[in-house]
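The next block holds one structure in the form of structure tokens; read it before the comments.
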Amino acid sequence: MSTTIAPAADGLTAARTTSPSASVLAVINARASRVHDAENLRRAVRGALVAEGASADAVTTSSLADLRDALARADGRRVVLVGGDGALHAVANLGLALPELALVPAGRANNIARALGIPTTLRDAARVAVRGAARPLDALEVRTPGRSLVAVEGVSAGLHAAGRMRYEGENSGSVTQGAIALAQTLRELPRYETRLALDDAPPRTVALGQLFLSTLPYFAFGLRVDPVADVRDGVAEAILLRAASRRRALRLLLAARSGHHLELEGVELSRWRRAELPDPVPLTADAEPLGMTTASIAVLPGALRVATGTEA
């Protein structure tokens, strides 16, 4: 699959504030983890957007085909995605030239919204969706032998990715299923020795417990894996966690919830624009398992334009 994303303008010149009289299209993901009554939510979202002065239409979607049809009807309007992190991942992988986007969080982790300073309450999120400046957001292009896709949150290799492949929840929002899958993986504590090449440096062999390749601070169930991330600097981070025991692996993952893992022994951080994993390793892009595979990964600077709540 080839991936096409309309490029954003360079730097902050892409930012503008939508006027209160702007026209927006709200797209509600009926399968998001915290959406239980999509029709009532559709009406509530439209009402909140109108209250902020927007001319608003709202539709619900339950498939990629629905989502594609909704985006095709945007007709230049800002599209307000109502759902979890998977909603933006899905839009980024439609292969369409994308309009300005906004988020109303309705997932469980809401990693992207947190990174962009978007509130989780409907009223406040609607204000950002209508009035917030649309700013560039970096993403990652991930190529494996079998496919190509865009990751918005990041790429995971190793323990977490192996656990994600065991995950059996309906969507990515089940903390219980995630904990069960990770516990099973930690019990086995698989070891991965793989080569990693960043930019023009030659590949080096690393024994990894877990590797995160990220442009955003948060990943998975709210892990603050990349606390130094800048969402629009055109650079990604590689966070390598080495763990020789279950206790050590668990300690590093728990420390990652607050971002304190970078202070611990056995953790290495590097910055990069192109990364190569030439040996098969368990991989996940955002919440999507890619299997045991090799990959080439590149930063896509300013790939998306999303209304933000802060200057972060």
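The values are calculated or read from the model by the stated rules, or taken from the named source; none is laboratory data. Note that the structure is a prediction, hence the values are computed from the model and not measured. As a convention, Cβ positions derive from the backbone with ideal geometry for all residues, glycine included, and neighbour counts pool all protein chains shown.
Scanning the stretch 231-245 for residues that are out of contact with any Phe, Trp or Tyr (no Cβ under 8 Å at 6 or more places or on another chain) and surrounded by fewer than 16 Cβ atoms within 10 Å (Cβ to Cβ), we see that the one that is modelled with the lowest pLDDT is Ala244. I'm checking my understanding of the structure. Among residues of the stretch 126-161 that are in a loop (DSSP other than H, G, I, E, B) and small (Gly, Ala, Ser), which one is surrounded by the fewest Cβ atoms within 10 Å (Cβ to Cβ)? Here the answer is Gly146. Condition (residue is part of a strand (DSSP E or B) and within 23 Å of Leu300 (Cα to Cα)) applied to the stretch 251-267: is it met by at least one residue? So far as the stretch 251-267 goes, no, none of its residues is part of a strand (DSSP E or B) and within 23 Å of Leu300 (Cα to Cα). Filter the stretch 294-312 down to the residues that are in contact with a Lys or Arg (Cβ under 9 Å, 6 or more places away or on another chain) and over 17 Å from Asn111 (Cα atoms) and list them by number. Once the filter is applied, which keeps residues that are in contact with a Lys or Arg (Cβ under 9 Å, 6 or more places away or on another chain) and over 17 Å from Asn111 (Cα atoms), the stretch 294-312 yields Ala295, Ser296, Ile297, Ala298, Val299, Pro301, Gly302.
Is it true that some residue in the stretch 292-304 is out of contact with any strand residue (DSSP E or B) (no Cβ under 7 Å at 6 or more places or on another chain), of a type outside the set (Val, Ile, Thr) and surrounded by 14 or more Cβ atoms within 10 Å (Cβ to Cβ)? No, the stretch 292-304 contains no residue that is out of contact with any strand residue (DSSP E or B) (no Cβ under 7 Å at 6 or more places or on another chain), of a type outside the set (Val, Ile, Thr) and surrounded by 14 or more Cβ atoms within 10 Å (Cβ to Cβ).
Among the residues that make up the stretch 233-243, is at least one of them touching a residue at least 60 places away in the same chain (Cβ under 8 Å), more than 19 Å from Gly209 (Cβ to Cβ) and assigned to a strand (DSSP E or B)? Yes - at least one qualifying residue is present in the stretch 233-243.
What about Arg248, is it part of a loop (DSSP other than H, G, I, E, B), surrounded by 14 or more Cβ atoms within 10 Å (Cβ to Cβ) and basic (Lys, Arg)? Judged against the criteria, Arg248 is not a match. Each residue in the stretch 193-213 was checked for being part of a strand (DSSP E or B) and crowded, with 23+ Cβ neighbours inside 10 Å, and 5 pass.
A quick yes/no check of all residues on (1) over 17 Å from Leu304 (Cβ atoms); (2) outside the structural domain of Arg257 (by TED's automatic domain parsing); (3) modelled with pLDDT of 95 or more; (4) of a type in the set (A, V, I, L, M, F, W, C):
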site	(1), (2), (3), (4)
Ser2	yes, yes, no, no
Ala38	yes, yes, no, yes
Gly47	yes, yes, yes, no
Gly86	no, yes, no, no
Ala97	no, yes, no, yes
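Test of understanding: among Val27, Val45, Val59, Val35, which residue is surrounded by 15 or more Cβ atoms within 10 Å (Cβ to Cβ) and assigned to a helix (DSSP H, G or I)?
It is Val45.
Residues of the stretch 243-286 that are among the basic types (Lys, Arg) and closer than 29 Å to Gly146 by Cα: Arg271, Arg273, Arg274.
Residue-by-condition table, conditions (1) in contact with a helix residue (DSSP H, G or I) (Cβ under 9 Å, 6 or more places away or on another chain); (2) crowded, with 21+ Cβ neighbours inside 10 Å; (3) modelled with pLDDT of 95 or more:
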| residue | (1), (2), (3) |
| --- | --- |
| Gly76 | no, no, no |
| Val80 | yes, yes, yes |
| Val91 | yes, yes, yes |
| Ala102 | yes, yes, yes |
| Asn111 | yes, yes, no |
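Counting only residues that are over 21 Å from Ala56 (Cβ atoms) and charged (D, E, K, R), the stretch 106-127 holds 2 of them. Restrict the check to the stretch 127-137 and report whether at least one residue is at pLDDT below 90, in contact with a Pro (Cβ under 9 Å, 6 or more places away or on another chain) and not assigned by TED's automatic domain parsing to the domain that holds Ala32. No: the stretch 127-137 contains no residue that is at pLDDT below 90, in contact with a Pro (Cβ under 9 Å, 6 or more places away or on another chain) and not assigned by TED's automatic domain parsing to the domain that holds Ala32.
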